1. Which residues, taken from the range 1-29, are over 15 Å from GLN41 (Cβ atoms) and either without any contact (Cβ under 8 Å) to a residue 24 or more places away in the chain or outside any helix (DSSP H, G or I) (or both)?
2. For THR38, work out the one condition from (1) farther than 24 Å from SER137 by Cβ; (2) surrounded by fewer than 17 Cβ atoms within 10 Å (Cβ to Cβ) it doesn't fulfil.
3. Mind listing whichever residues of the range 127-153 are among the aliphatic types (A, V, I, L, M), surrounded by fewer than 12 Cβ atoms within 10 Å (Cβ to Cβ) and at pLDDT 80 or above?
4. Can you tell me which residues in the range 1-15 are surrounded by fewer than 17 Cβ atoms within 10 Å (Cβ to Cβ) and within 18 Å of VAL63 (Cβ to Cβ)?
5. With the structure loaded, tell me whether PHE70 is assigned by TED's automatic domain parsing to the domain that holds ARG4, part of a helix (DSSP H, G or I), of a type in the set (Phe, Trp, Tyr) and without any contact (Cβ under 8 Å) to a residue 12 or more places away in the chain or whether it fails that test.
6. Which residues, counting only those in the range 30-58, are assigned to a helix (DSSP H, G or I), farther than 20 Å from LEU13 by Cβ and more than 15 Å from the chain's Cα centre (by Cα)?
7. Which residues, taken from the range 16-32, are surrounded by 18 or more Cβ atoms within 10 Å (Cβ to Cβ) and more than 23 Å from ALA86 (Cα to Cα)?
Amino acid sequence: MDVRTGLFYLFSLVLLFAAFRVITARNPVYAALFLVLTFFQAAGIWMLLKAEFLAISLVLVYVGAVMVLFLFVVMMLDIDVANLRAGFWKHFPLAASVGALIALEMAAVLMGGFRPAEEPRAFPGVATAAQAGLQFSNTKELGRLLYSEYIYPLEIAAVILVVAIVAAIALTLRTRKDTKHIDASEQVRVRARDRLQIVKVPPSRPTLAPDPATAAAAASGENKA
């Protein structure tokens, strides 16, 4: 077994362990950190497969941006883990069935994809890297394939992502009854007489009933005098 094969098995074992800990960790912060470790191992496997662009994209986009933001959100929110795990065993049979079905589908797809490496397919009017005597660039070939043969699926995915972003913003900015919304235009058009009203009240003082003890003491004092 050469070094490349040993690194592949090492990255794969760590990836499987980290992915298993993502769904079994009781602390959401630990689960997010294990997911970061999973992404790093997947990036290492892609580097072994000579897919440097995908590996760097995974590290920069998911680990460097998405997971950091996710960690901040998890740390800022007070997540009730006990409440989230209340119905775990109730929904476990359905979740296990769906997971097994997805695993079988992935196995069927992957088993059919393990074939000897072939030379990149040439596009009409474009010579392959081997024919041109140049070094092969998987990033260039990936971009050429995405924006030529898979341009319509790429555009559909972009539209779906835009719709998801707009929907998330609309759900976040919906009107809530527990917030005090202030309209800036109403503040600009405000007038003093609309906010302050002076009411003239005639001075008056209510007549208090005399205290019997005080009245008796005053009357006795006058009698002595």
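The values are calculated or read from the model by the stated rules, or taken from the named source; none is laboratory data. Quantities reported herein were computed from a predicted structural model and do not represent experimental measurements. Here the Cβ is made from the backbone with ideal geometry for all residues, glycine too, and neighbour counts use every protein chain on show.
1. Scanning the range 1-29 gives MET1, ASP2, VAL3, THR5, ILE23, THR24, ALA25, ARG26, ASN27.
2. In the conditions (1) farther than 24 Å from SER137 by Cβ; (2) surrounded by fewer than 17 Cβ atoms within 10 Å (Cβ to Cβ), THR38 misses (2) alone.
3. The answer is ILE151, and nothing else.
4. Hit for the range 1-15 is VAL14, nothing else.
5. Judged against the criteria, PHE70 is not a match.
6. GLU52, PHE53, LEU54, ILE56, SER57
7. Residue satisfying the conditions is ALA18 alone.
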